[in-house]
Amino acid sequence: MQKQDKIYLAGHSGLVGSAIFRKLAEEGFNNIITRTSSELDLCNQAKVEEFFEKEKPDYVFLAAAKVGGIVANSTYPADFIYQNLMIANNVIHTSYKFGVKKLLNMGSSCIYPKFAPQPMKEECLLTGELEPTNEAYAIAKIAAIKLCRYYNDQYGTNFISAMPTNQYGEGDNFNMQTAHLLPMLLRRFHLAKLLKAGKFEKIKTDFKKYKLGWNLDEKIDFNDNNSIIKALEQIGATTDKVTVWGDGSAFRELMNSDDLADACFYLMQNKDCSEIGELVNITSGTDIQLKDLIEMVKNIVGFDGDIFYDKTKPNGTPRKLMDSTKIKALGWQPKIELEDGIKKTYSWYIENY
């Protein structure tokens, strides 16, 4: 990519997309095209083709997706498979149709089988059953990978697929119904901390900035502290404890979204599909047990109550550690340590009420 090239960044307002936007701007790229979902419905093939015909982008970052944590994936599987399939089909096909020089398709670690050997290598794809709680999303992401591969094979395109591990960072989603693991934990501990200190005005400010979800927002009477307390109980935050799902035995790898953006930029600038192959993991190759992560978040936030593990709720995939051999061989490694990244994300969250 040259600085004057026209780059379409799909999903620019999301966690990953906003990080890629920051990285491109930092590197001096200012011919970046973006559209909000209200401006361009990526599920509408005609609208997508109209957009590409008008703008004629040279390069495409496909970071747009319907995303969410275990709760959202379990609750809305039809929405997850339909919207993500349509987004991938439309953007990837239209990129081919209008001669895009290179496309980066953003995948997810959930594409790998639930019981894949650890750490998960790229060749583990389609070797076993998926984790049921996010199967719909995973199938859509697998289809996008195959779409890129077969367009490369049949039409000679240069479409690459990157599989990032679990992301967190600046601009994350803190809605308790749809958030991923880390922002959900950060907010739950933060609200419990405020509640224990009796800081109801700060809780109200938080509620007005970030939705709770589960139809709780409409039920809160901001003039009644007991109403606020009841809403917080519903999301697992009380004065003396924070409730989390499962038993804490599962392992997760987490990566700061700025690290992922750095990797995507590196691949787009330096590596073609012939070097990358069907897909490449974006990962550090290290993970952490959830009970240790939860303790880390508790300490970073400064909540001095207890942690209650609700063992009636699912743990999700026992372990999701991806193998980093390939991405490191391609010449890239992450830079942001987990604790430092969580501290930075927490600071961003409380400063952006």
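Every number here is computed from the coordinates shown, using simple stated rules; none is lab data. Everything quoted here is computed from the prediction, not taken from an experiment. All Cβ positions, glycine included, derive from the backbone under ideal geometry; neighbour counts span all protein chains shown.
Give, as a single signed number, the net charge of other residues whose beta carbon lies under 9 Å from the beta carbon of Arg22, with Lys and Arg counted +1 and Asp and Glu -1. So the environment of Arg22 carries a net charge of -2.
For the residue pairs Lys6/Lys209; Lys54/Lys97; Lys204/Lys241; Lys121/Lys146, the alpha carbons lie more than 24 Å apart in Lys6/Lys209.
Ellipticity at 222 nm from helices only: DSSP H runs of n ≥ 4 in the chain, each -39500 (n - 2.57), divided by the residue count, give -13500 deg cm²/dmol. For the chain, what are the DSSP H helices with axial Cα length of 18 Å or more and mean Kyte-Doolittle hydropathy of at least 0.0? Sorted by number, the helices that extend far enough and score high enough are 181-196. Kindly identify the chain as rounded, prolate or oblate by the Cα gyration tensor criterion: order the square roots of the eigenvalues as a ≥ b ≥ c, call it rounded if a/c is under 1.5, otherwise compare a/b with b/c, prolate if a/b is larger, else oblate. Prolate. Going through the cross-link list Lys56/Lys102; Lys193/Lys298; Lys3/Lys66; Lys193/Lys343, which pairs have a Cα-Cα distance over 20 Å in this structure? Correct reply: Lys3/Lys66. Please state the shape class of the range 103-142: rounded when a/c is under 1.5, otherwise prolate if a/b exceeds b/c and oblate if not, all from the C-alpha gyration tensor. Verdict is oblate for the range 103-142. Sorting 25-35, 127-137 by their mean Cβ neighbour count within 10 Å, with the most densely packed peptide first, gives 127-137, 25-35. The dipole here belongs to the chain: it is taken about the Cα centre, uses +1 on the Cβ of Lys and Arg and -1 on the Cβ of Asp and Glu, and is about 200 debye. Put simply, the amide H of Gly285, placed in the peptide plane, has neighbours under 5 Å in Met322, leaving out anything fewer than 5 places away on its chain. Inter-label distance, Asn270 to Glu123: 2.5 nm, where each label sits 7 Å from its Cα along the C-beta direction. Placing unit charges on the Cβ atoms only, positive for Lys and Arg and negative for Asp and Glu, gives the range 1-115 a dipole magnitude near 240 debye about its Cα centre. Quick check: net charge around Met176, other residues with Cβ under 9 Å of its Cβ, Lys/Arg +1 and Asp/Glu -1? Once positives and negatives cancel, what remains is +3.
Taking Lys and Arg as +1 and Asp and Glu as -1, the other residues whose beta-carbon sits under 11 Å from that of Gln83 total -1. Measuring r between the beta carbons of Glu50 and Asp221 and using R0 = 45 Å, the FRET efficiency lands at 0.45.
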